[in-house]
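Notes to accompany the following structure.
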Amino acid sequence: MEKKFISIEKQVSEVRVKITSGNLKVMRSPEGSFKLFFEEIEPDVRIDGNALIIDAKKIESGIFGLLGFSSSSSEQLELHIPVDLASIFVNSVSADVQVSSVNAEKCMFRTVSGEIILENCRSRNVEVKSVSGDVVLSAIDVERLVISNASGDVIVNKLECREHDWLLNTVSGDVELNVVGLPNMKLILKSASGELTSNVGYSRHGNEYVFGDGRMRIIVSTVSGDVRVKVMSKRERVEEIERRILRLVAEGKLSYEEAKRMLEELS
């Protein structure tokens, strides 16, 4: 199905999206402009001050004339943004939300059963609230992160330990931390029956597990979920660097000659 799109000419600093089901992708615009791509039902789009508001929830009459919210289950929304934002807010019921290569001062994501994926994003404050959907984070730089999840898992890939403060709350979901380089973190585990496993050493003081110099503070609060800490091997780190170099070439940010020289140095 051919995609349609809406161009937003005015520059805004805040984005608010409401979506019931389907999929939402938010990414940096390759053209330097705001564009919203959709397939079937055109969302309600408006500007309120410095905020871009996108409402993909449609009100329609239900049984006995009662009002209900619905959205096309196959609807796919793709939002391109050109600049760093002050804030991003997304509310969904079962829609999967994927945000990549976006910087914002504050981000908030709320969903019942949809999956939340953040990749290569930078922010001062990120808050995620979910009931059963998984939360997957990859190569993110977030100073203050708060995740509240009931039964979904929390997976953090390509974690680089900085002086950040994270709070990860789950009831039965597991927490997986895949670390790049030295795991310099202090992990405080508050759990009734969950356990911590790791492929690298640490020192323990009560419910505090200190890895390296402990510069990053991560509090994991769970009832029965387990916590796994894994440090990437040297081979895995080299493969990840190779993928980054090839991605930069594909994006036109690195020449073929520069990439070839860097790959030869790695080998």
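The values are calculated or read from the model by the stated rules, or taken from the named source; none is laboratory data. These numbers come from a predicted model, not from an experiment. We place every Cβ from the backbone using ideal geometry, glycine too, and count neighbours over all the protein chains shown. The accessibility values were calculated without ligands, DNA or RNA, using every heavy atom of the protein model including side chains. Shrake-Rupley method; radii C 1.70, N 1.55, O 1.52, S 1.80 Å.
One table, with the values for the structure above:
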item	result
Members of the stretch 72-120 found to be of a type in the set (G, A, S), closer than 15 Å to S148 by Cα and open to solvent by 50 Å² or more (accessible area, probe 1.4 Å), listed by number	S113
Set R228, R217: member being open to solvent by 40 Å² or more (accessible area, probe 1.4 Å), within 19 Å of D141 (Cα to Cα) and within 26 Å of the chain's Cα centre (by Cα)	R217
Any hit, the stretch 202-224, residues being in a loop (DSSP other than H, G, I, E, B), touching a strand residue (DSSP E or B) at 6+ places or on another chain (Cβ under 7 Å) and of a type in the set (S, T, Y)	yes
Condition met for V102 (in contact with a Cys (Cβ under 6 Å, 6 or more places away or on another chain) and at pLDDT below 95)	yes
Subset tally (residues that are more than 23 Å from S148 (Cβ to Cβ), assigned to a loop (DSSP other than H, G, I, E, B) and either open to solvent by 50 Å² or more (accessible area, probe 1.4 Å) or not aliphatic (A, V, I, L, M) (or both)) for the stretch 173-199	5
Any chance K158 is out of contact with any Asp or Glu (no Cβ under 6 Å at 6 or more places or on another chain), modelled with pLDDT under 95 and in a strand (DSSP E or B)	yes
